[in-house]
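The values are calculated or read from the model by the stated rules, or taken from the named source; none is laboratory data. This one's a predicted model, so the numbers in the text were calculated from it and none came from an experiment. Heads up, the Cβs are rebuilt from the backbone with ideal geometry, glycines too, and the neighbour counts pull from every protein chain shown.
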Amino acid sequence: MKKPKTVNCGIIGCGLMGREFAVAAARWPALLEKDVRPEITAICDLNEDLFEWYTSNFDSITTVTKNYHDLLNDENIDVIYCSVPHNLHEKMYIDIVKAGKHFLGEKPFGIDLEANERISATIKENPDVFVRCSSEFPFFPGAHEIHKMIHENSWGKIIEVNTGFLHSSDLNFEKTINWKRMVNVNGEYGCMGDLGMHALHIPIRSGWLPKKISATLSNIVTERYNKAGDLVPCETWDNATLNCEVDHPTEGYSFPMTAKTYRIAPGETDTWYIEILGTKFSARYSTKYPKTLQTMSYTNGGKQEWRSEDLGYTSQYKTITGGIFEFGFTDAMLQMWAAYFDELANPGKEMPFGCIRPEEATIHHKILTAALESGKTGKTVYPKLAD
Ligand SMILES: NC(=O)c1ccc[n+]([C@@H]2O[C@H](COP(=O)([O-])OP(=O)(O)OC[C@H]3O[C@@H](n4cnc5c(N)ncnc54)[C@H](O)[C@@H]3O)[C@@H](O)[C@H]2O)c1
């Protein structure tokens, strides 16, 4: 096996997701084929308490700072992962690109459409910088299989598509408010900004772009306690249901698509799902049952029987993990990062399934902006998604 080239990486935002990247990099030997290997050399956060976990686990870290410009000015850093709250995306992403650093940014890739468009404009002005946006759930084996089926297009006529991301982390009314529940930090999209990219990655990659959106937005918990114990307004949308009409990209008919982003879905934890119902073939996959892909083939007059298949560890990038073992969130993170570095190392490579591209992040913003308008006005909105 050829020795992979080391790529020095910096992390800006060392919270929940920063640690996930660090651990994915540490698990790199699990990947059997790779051209490059990420090494974490620099970390940045305003919260110094987070540094010890990194420095005690990663001897490779030489820069620890509260100023992200230290990473941008470091010519030894090749790639940056930026995982900060949404109100910081625009400034930091633009600064990273202008510094000539390749990066993977977190969703929603700008707090709103205007911020996203300014980020996109800077990326277009700097075409040598390789930029992608995070979205790991389509790297679960079941999701990956469904993506292959979308290419094969054996649905017959698509009857409907349902996609979404559900969790119940806000069902507890006593949960203290944090930045994800504050409009000025998380953004006006609320749950859609947090979860929309997860739900829309596969539809957007498949060319299933809503021409018509009618959204229902719910603010179920309108007040939460802050850390001081005072009850303060909690103004973000908790749940959103997008009812969309989609033109089939090649076959001249339209079909309905629902996209749900729920922070309050009793009983759910981190449930990502996609379901495609067709006249000849249907498929569905949910991380609630992460092993199992369900499909149904139908011929006129035949039986309507769903088939369940346990997929095992059938990842896009082969690993040392046995094929009968189980796949989980951290595996999806590893696969997403493998896709990022594969595309970075092999520009123009035909990817089986890749990370969200900047132009796809913009389409997702246009969909969420239309949904926000629809939810607030009660009207159906016809977004202009293509340039
Ligand atoms: N892909 C996923 O599954 C997933 C899951 C959760 C969050 N996210 C996204 O990741 C991003 C971060 O979310 P998180 O859950 O990791 O949040 P977090 O609050 O756990 O971490 C964010 C970190 O950014 C730091 N920070 C704030 N201002 C900073 C500054 N000026 N300089 C350096 N660091 C600064 C904070 O101190 C904090 O440690 C968001 O965009 C969020 O939407 C993605």
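Looking for something over 24 Å from residue 16 (Cβ atoms) and among the small types (Gly, Ala, Ser) - is there at least one such residue anywhere in the range 182-193? The answer is no, given that none of the residues of the range 182-193 is over 24 Å from residue 16 (Cβ atoms) and among the small types (Gly, Ala, Ser). Of the residues making up the range 105-122, those that are closer than 20 Å to residue 337 by Cα and either basic (Lys, Arg) or buried (at least 24 other Cβ atoms within 10 Å of the Cβ) (or both) number 4. Within the range 70-91, the set of residues being more than 14 Å from residue 41 (Cβ to Cβ), near the ligand (Cβ under 10 Å from one of its atoms) and in a helix (DSSP H, G or I) comprises 86, 87, 88, 89, 91.
Of all residues in the range 156-215, those that are farther than 23 Å from residue 386 by Cβ and of a type in the set (Lys, Arg) total 4.
Return yes or no: is residue 102 surrounded by 19 or more Cβ atoms within 10 Å (Cβ to Cβ), modelled with pLDDT under 95 and in contact with a Phe, Trp or Tyr (Cβ under 9 Å, 6 or more places away or on another chain)? No. All told, residue 151 falls short of being farther than 21 Å from residue 261 by Cβ, in the same structural domain as residue 362 (by TED's automatic domain parsing), at pLDDT below 95 and in contact with a helix residue (DSSP H, G or I) (Cβ under 8 Å, 6 or more places away or on another chain). Picking from 187, 229, which residue would you name as being more than 23 Å from the chain's Cα centre (by Cα) and on the phi > 0 side of the Ramachandran plot? Exactly one of 187, 229 is more than 23 Å from the chain's Cα centre (by Cα) and on the phi > 0 side of the Ramachandran plot, namely 229. The set of residues from the range 205-238 being closer than 30 Å to residue 148 by Cα and crowded, with 21+ Cβ neighbours inside 10 Å comprises 208, 210, 213, 215.
Within the range 253-274, if we keep just the residues that are assigned to a strand (DSSP E or B) and over 17 Å from residue 195 (Cα atoms), the residue that is farthest from the chain's Cα centre (by Cα) turns out to be 254. Restricting attention to the range 17-33 and to residues that are free of Cβ contacts under 8 Å to residues at least 60 places away in the same chain and out of contact with any strand residue (DSSP E or B) (no Cβ under 7 Å at 6 or more places or on another chain), the residue that is nearest to the ligand (Cβ to nearest atom) turns out to be 19.
Summed over the range 34-69, residues that are within 11 Å of the ligand (Cβ to nearest atom) and exposed (fewer than 14 other Cβ atoms within 10 Å of the Cβ) total 7. If the condition is being outside any loop (DSSP other than H, G, I, E, B) and within 11 Å of the ligand (Cβ to nearest atom), then the range 140-187 contributes 165, 179, 180, 185, 186.
Of 209, 195, 242, 231, all but one fail to be modelled with pLDDT of 95 or more and closer than 28 Å to residue 350 by Cβ; the exception is 209.
Of everything listed in (1) over 19 Å from residue 71 (Cβ atoms); (2) in contact (Cβ under 8 Å) with a residue 12 or more places away in the chain; (3) charged (D, E, K, R), the single unmet condition for residue 39 is (1). Does at least one position in the range 108-117 carry a residue that is in contact with a Cys (Cβ under 9 Å, 6 or more places away or on another chain), within 15 Å of the ligand (Cβ to nearest atom) and either in the same structural domain as residue 193 (by TED's automatic domain parsing) or part of a strand (DSSP E or B) (or both)? Checked against the condition, which is being in contact with a Cys (Cβ under 9 Å, 6 or more places away or on another chain), within 15 Å of the ligand (Cβ to nearest atom) and either in the same structural domain as residue 193 (by TED's automatic domain parsing) or part of a strand (DSSP E or B) (or both), the range 108-117 yields no hits at all.
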